[in-house]
Structures are given as structure tokens and as C-alpha cells.
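Q: Pasting in a structure now, in C-alpha cells, and then I'll have a few things to ask.
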Amino acid sequence: MADQTTRRRLLKLVPGGLLAAAAPVIGRSQTFPRAGEFVRFADPTTETPVVRLTSPAYRNLLPAPNNRFLLSRARTLFFSSDRVNGRLSPCELDLKTGSIRLLLETSALDPASLAVDAAGRSLYFLEEGALSETPVNSRREKRRPEVLVRNVSSFGLGSTRGELFYIADGALHQFKKEGGSVLAEGAQGPCLVRPGGRGGCLFCRRDSGVEREFWYAPLNEPTKPVKLVTGRVSHPYWSADGNSVLFLRDLPQNQVFVATICEVQLESAAERCLAKTSQFAAFDPNGNDSVFVGASGSKAQPNVVLLLRATGRELTLCEHRASNANEVQPVFSPDSRRVFFQSDREGRSAIYAVNVERLVEPTGDS
């Protein structure tokens, strides 16, 4: 396990945290009577200021960490909540005011599927296998979501509208209005679009629940997907430059498996170990891949942890105390100034945030 900071040392480094005023929004969009649900408290382990963003009276879930659901410039977070009809529906959280807006009511939403386009204008999601799109601009009249494709199990958005990939009936497709082109057969999610508009998509094959394979399908050679890694691997992410894939690999050590952050180069498929972790159940890289945030699966230390790539050193940020560390899903904001995660520590799943701008250098905005 990597070295960790003491509580006092970390306290000196962390700023006062997030502040928000409870200010309701009035207009055509539905706003809940209690707009601000923010509660600020000091973490019991590190005394770091933590903000609970949503009330545990409802079930509130973050999308998959690979999806774009945070817009730093607009200070907006998209998530799912059952606060309206007892069923999970897409919501928008204003991080400046704390107000929460229902985007539309759904009956069978896949909460992990929520993803907003790069312009912040449209929200994409899966409901009963249908990939749908709906506008998020509150100044427009609400309209029914547009169903783009049916029988979809996973999808991925790029930086432009034309970069939409999806997996349907076991095949990876690039979306086109006149019909998607098949890039690979035998495909499973996740479906991760290569950044930078360079064409291609990462996908999974032969997922047994323990062992799986990560493959890459380039647009210029759609019939020749490339296998990158295989084994006990999970949580893939494209590197910031799009030249490699970061992921977790469980490596055997003294009759146990140790969670390790690894990297595989796209061109050569050469793999290397970047850092051992304190049994990360999930992780997320910051905007330039210099720092990772992880959710420790340790029963004795159920913490959210920062890991410095250059030194392999870990900094305990706060407790998550979730019943299942795999569901904590810690994620950096696009500018790397904050960490968001979810936990059922108070009963139902709620969303939390921690300010890390004095621990992590800010990166490009979204």
C-alpha cells in the first residue's frame, strides 16, 4: 500500500470547500420546493470539508464515470433521482445555487447511461434498450425525447455530434441517420470514444464478470479491431492525449489480488504498471492523468483516496463508508478542482463533493 498523509497535514492543504446558496429557480422547468439540499460537514477521518449535494431522503445516482455529466463552465451536474414518482429520472443540479431540475420523467431509466454532449445542449440516455436524446436547455418547451436506436446495451459520445457509437445485438456501430455502420462483432460495453476526434472506439469482449478483454476498433479499418489487454481488468479510460488506455488490473501477490493502475499503449499494445493502490474498487484520472482518485475497497479504511502518479503516494481525502465500494464512483470535475462521489452512508445513495484545488493542479475546463 502506498504511503498516506496524516489528517493534520491534509487539513492544512485543503481549502474551505464548496459554498452554495439555496435559491429556487422559477420558470417553465419543474423545480422542487426545496432547491438547496447542500449540507457541509467535516470528514471524521481527515477533517476535510465535504459537501453532501443531494438529500438521502431520495435515491440519487451518478452516471458512469466515463460519461460526460459534469460541465464546469456552467457549473452543472447531471444525475438520476427517484424523487418525483419513485422511479429514477434524469435531473440537473446547479452547483452554484443548489437547485435541482427534473429534465423528464422516465419509467425504466438506466441511471449509468446519462451523458451530455460537449456543447451541453443534449442529454443522451438508455431506457428499456432505447438510446434517446432530449434537450437540456431550460428556456425551451419540453418535448418528448427522440429515440435514435433501439436494442442498445451501451453507447459512447465523442466531442462532436457525429461521434456517437453504440453496441446493439452484440455489434459495435457508428451512429448515422441513414443507418449505423458495423465496426466490430461480439462487442460488449463499455463503449468509449477515442478523444481528440481521431476516430475509433474502445469496447469489451468476453466479459465473464472476473476476466475480460479490451479491444479497439479504428474507423479507418473497421474489420480489424485490435485486442489491447486481457485478464482481471476493469474501469478503462482513455488517456488525455488519446494514445493509451488507463485501467485497473488485479495482480496476484502473496495469494491475494492487488488492484493496480496500468496503462497500455494503443499503437504497440505495450502494457506497464503505473501504481499499486490501497485496493481501489474504482478510480478516475484527472484532466492530465497526473493524479488519480479512487474508492478503497478496504473494510477497515473505506476512504476516497488521491494517488499521485509521479510518486505512487496516496493521500486520504475523506471517508466514503459505502456498503459497496464498487458503487462509490469517484470522479474529477473536468477542471480537476473537485471530486464527486456517491455513497449510501446515510441510508439511500446521495452525491457528495470535495474541493481539491489546493491538492491537484487545475486542468482544462469543459
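Q: What residues have an amide H closer than 5 Å to that of R121, excluding those fewer than 5 places away on the same chain, when H is modeled at 1.01 Å from N in the peptide plane?
A: For R121, no residues qualify.
Q: What percentage of the solvent-accessible surface of the chain, computed with a 1.4 Å probe over protein heavy atoms, is contributed by carbon and sulfur atoms?
A: Values: 7590 of 16330 Å².
Answer for the chain: carbon and sulfur cover 46 percent of the accessible area.
Q: Determine, from the Cβ-Cβ distance of N254 and D207 and an R0 of 35 Å, the FRET efficiency 1/(1 + (r/R0)^6), rounded to the nearest 0.05.
A: On the way: r = 27 Å, r/R0 = 0.78.
In this case the efficiency is close to 0.80.
Q: Still on this structure, please answer the following. If you take all C-alpha pairs in segment 167-221, what percent of them are over 14 Å apart? Can you show the working numbers first?
A: Values: 764 of 1485 pairs.
Here the long-distance tail beyond 14 Å is 51 percent of all Cα pairs in segment 167-221.
Q: Can you return the aspartates and glutamates within cross-link range of K299? Criterion is Cα-Cα under 13 Å, with same-chain partners fewer than 8 residues away left out.
A: By straight Cα distance, K299 reaches E319.
Q: Where in segment 320-341 is the amide nitrogen less than 19 Å from a point lying 7 Å along the Cα-to-Cβ axis of E357?
A: Counting backbone N atoms under 19 Å from the label point, the list is 331-341.
Q: Can you compute the helix-only [θ] at 222 nm over the chain? Use -39500 (n - 2.57) per DSSP H run of at least 4 residues, normalise by all residues, nearest 500 deg cm²/dmol.
A: Here the helix-only value at 222 nm equals -500 deg cm²/dmol.
Q: Give or take rounding to whole Å, what are the principal axis extents of the alpha carbon atoms in segment 326-365, in descending order?
A: 34, 15, 14
Q: Report the gain in length on full extension from D169 to A57: 0.36 nm times residue separation, minus Cα-Cα distance, nm rounded to one decimal.
A: Working: separation 112, 0.36 × 112 = 40.32 nm, distance 3.76 nm.
Net length gain for the segment: 36.6 nm.
Q: Now for a separate question. Can you compute 3J(HN,Hα) from phi for each residue in segment 284-290, using the Karplus curve 6.51 cos²θ - 1.76 cosθ + 1.60 with θ = phi - 60°, rounded to whole Hz and x for Gly and Pro?
A: Result, rounded to whole Hz: 8, x, 7, x, 10, 6, 8.
Q: Taking a temperature of 20 °C and a viscosity of 1.002 mPa s, what whole-number D in µm²/s does Stokes-Einstein yield for segment 127-237 with Rh from Kirkwood over alpha carbon pairs? Before the final figure, lay out each step's value.
A: Details: Rh = 14.8 Å.
So the translational diffusion coefficient is about 145 µm²/s.
Q: Distance cut-off 30 Å, Cα to Cα: go down the list K176/K224; K177/K224; K96/K177; K227/K276 and report the pairs above it.
A: K96/K177
Q: Hey, rough spin-label estimate for E105 and R161, points 7 angstrom out along Cα→Cβ, what's it come to in nanometres?
A: Label-label distance for E105 and R161, simple model: 3.0 nm.
Q: Same structure again: Along the charge dipole of the chain, which of F341, L126, Y166 sits closest to the positive end, that is, farthest toward it, with unit charges on the beta carbon of Lys, Arg, Asp and Glu (+1, +1, -1, -1)?
A: F341
Q: Hey, can you find the accessible area per residue of the chain for me, probe 1.4 Å, expressed in square angstrom?
A: Value returned for the chain: 45 Å² of accessible area per residue.
The values are calculated or read from the model by the stated rules, or taken from the named source; none is laboratory data. Note that the structure is a prediction, hence the values are computed from the model and not measured. Please note: Cβ atoms are built from the backbone with ideal geometry, for glycine as well, and neighbour counts cover all protein chains shown. Side chains are part of the model used for accessible areas, which takes the heavy atoms of the whole protein and leaves out ligands, DNA and RNA. Shrake-Rupley method; radii C 1.70, N 1.55, O 1.52, S 1.80 Å.
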